[in-house]
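What follows draws every value from the coordinates through simple rules; no lab data is involved. Since we're looking at a predicted model, the values are computed, not measured. Cβ: placed from backbone, ideal geometry, glycine included. Neighbour counts: every protein chain shown.
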Amino acid sequence: MKLFLALASPYTRIVRVALLETGVDRLVEKQEVTLRDPDSALLPFNPIGRVPTLQLDSGVVLSESLLILNWIDTQHAGRPLLPRDGSDGWRTLARTGTAVGLLDGIVTWARELRRPERERSPAVIALETARVTRAADVLEPAVANGDFSGPVDAAVIVLGCALGWIEPRHPSWKWREGRPALSAWFDQIAASPSFRATVPPPL
């Protein structure tokens, strides 16, 4: 198996953390690729040009983080990262959905701010600012009440990767202010071995 990745991508980091948490990492070769490059080594395998992309030994190519997490769950005997049978009352999938929404909103907001000022869309910035603020406001009491605790699962991984992407790459959002439980939760997960091993490179 080969994982095509970009080390700065939070979506890549989701898969890298999952591979380490499940012990599947040793089975997967890694290849760093360029993005938005017509000559990228990724494009023959994934014409969409997104990371992460995983090529299986059969030649089948999987893309998108959560789809790859489904495959990872078939490769280990431990507790599923993303249970699909409803055995947990669908809580992991629900929490993962909130975390993914937070991450997508942050990335969209940050991408818009990287555009030249005259090309930015105030409507997009306002929408994504409101979206991620609402999500963080919901996550604060959820985390304080014990959600996202216990064994590492997809929801924990996605939320940790989302929050870990903000401070070095989107510092304009002071997400820690007024959210002590979420802040403390992130500091704890960021200190775990799989998260320390996958810290994105500095800007």
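For this structure, a couple of remarks:
- When the charge dipole of the chain is built from unit charges on Cβ atoms (+1 for Lys and Arg, -1 for Asp and Glu) and taken about the Cα centre, the candidate among His76, Val60, Ala6 whose Cα reaches farthest toward its positive end is Ala6.
- The chain - convex hull of the alpha-carbon atoms, volume per residue in Å³: 132
- Each Lys and Arg Cβ is given +1 and each Asp and Glu Cβ -1; about its Cα centre, the chain then shows a dipole of about 340 debye.
- Net +/- balance of residues flanking Leu82 in space, Cβ distance below 13 Å, scoring K and R +1, D and E -1: -2
- Between Phe148, Phe45, Phe186, the Gaussian network model of the chain with springs among Cα atoms under 10 angstrom shows the greatest mean-square fluctuation at Phe45.
- Of the DSSP H helices in the chain, those whose Cα atoms cover at least 30 Å axially and whose Kyte score averages 0.5 or more: 122-144
- Beta bridge orientation in the chain: antiparallel %, DSSP, nearest 5: 60
- Extent along principal axes [Cα atoms of region 30-80; Å; largest to smallest]: 39, 19, 17
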